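Working notes for the structure below.
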Amino acid sequence: MSDVFAYAPLLLQGVLVTLLVTVLGAAVAVITAFTAGLGRLSQHRWLRWPAGVFVEVFRGTSLLVQMFWFFFALPFFGIQLAPLAAAVLALGLNEGAYAAEIVRGTISARAQGQTEACVALGMGRGLRMRRVLIPQSIPAMLPPFGNVLVDLLKNTSLVSLVTVADLTFRAQMVRNTTGKTAAVFLTILVLYFVLALLLSLLMKWLERRFALDRQPSSRRRHVQPLVKADAPI
């Protein structure tokens, strides 16, 4: 195990790359989720059908094949992506396709009375989406979004196959140098678990922060009674 600890700085660099891929992939996934999810809710076929095809294609095909397609196949069509760009794009679009169904399902599950109230107030479809339905749906989206982000973090281990020097890529280098297979993979197993745990704690904090039943701190202050208990009435 001491041989592995000697390569701790190398593994730390891999952790930083993994975090970078996770953050960038999460940003692409969130943008993709809302774009495709709202597209599937559109009343226009020219928006709803392409969004549906996108979601089904990226959910129904392998993430690894998608990553290979972006990195190895697109150059044959004159599009050359850097390894990091191909990895982030594949991860973000794949996980975003799953998250798009979370967006669609959560907004669709809003009480019909809210839509009827918005219509009664004269709100158009776009305005009631921005002002009412999406803000009230976000707290319900956060728990499943947390699962998607943890899954994205774990799938970053695949980016080593398109030459991105992430944690798994550098662990393979240490393994080839030291020959300590069990120790190296146990180490990165623990590192991935710690990263996933921290991400889960962050999402739980966001869930509490944006909970619909959360009261402002000013409302939680102790209210002084108007009449003291021992005061004469």
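In the condition set (1) closer than 24 Å to L47 by Cα; (2) touching a residue at least 12 places away in the same chain (Cβ under 8 Å); (3) of a type outside the set (K, R), A165 is compliant with all but (1). The residues of the range 125-175 that are hydrophobic (A, V, I, L, M, F, W, C), within 18 Å of Q66 (Cα to Cα) and more than 13 Å from the chain's Cα centre (by Cα), listed by number, are L158, V159, L161, V162, V164.
When you scan the range 2-62 for helices (runs of 4 or more DSSP H) that lie fully inside it, which ones turn up with 2 or more residues that are under 14 Å from E95 (Cβ atoms) and touching a Gly at 6+ places or on another chain (Cβ under 9 Å)? Walk me through how you get there before you give the answer.
Numbers: elements: 2-5, 8-40, 45-60.
Answer list for the range 2-62: 8-40, 45-60.
When V159, V164 are checked against the criterion of being at pLDDT 90 or above, buried (at least 17 other Cβ atoms within 10 Å of the Cβ) and not in a helix (DSSP H, G or I), a single residue qualifies: V164. Filtering the range 184-210 to residues that are more than 20 Å from P143 (Cβ to Cβ) and buried (at least 17 other Cβ atoms within 10 Å of the Cβ) leaves V184, T187, I188, L191, Y192.
The values are calculated or read from the model by the stated rules, or taken from the named source; none is laboratory data. Every value quoted in this text rests on a predicted model; they were computed, and no experiment measured them. Cβ sites come from the backbone with ideal geometry, for glycine too, and all protein chains shown count toward neighbours.
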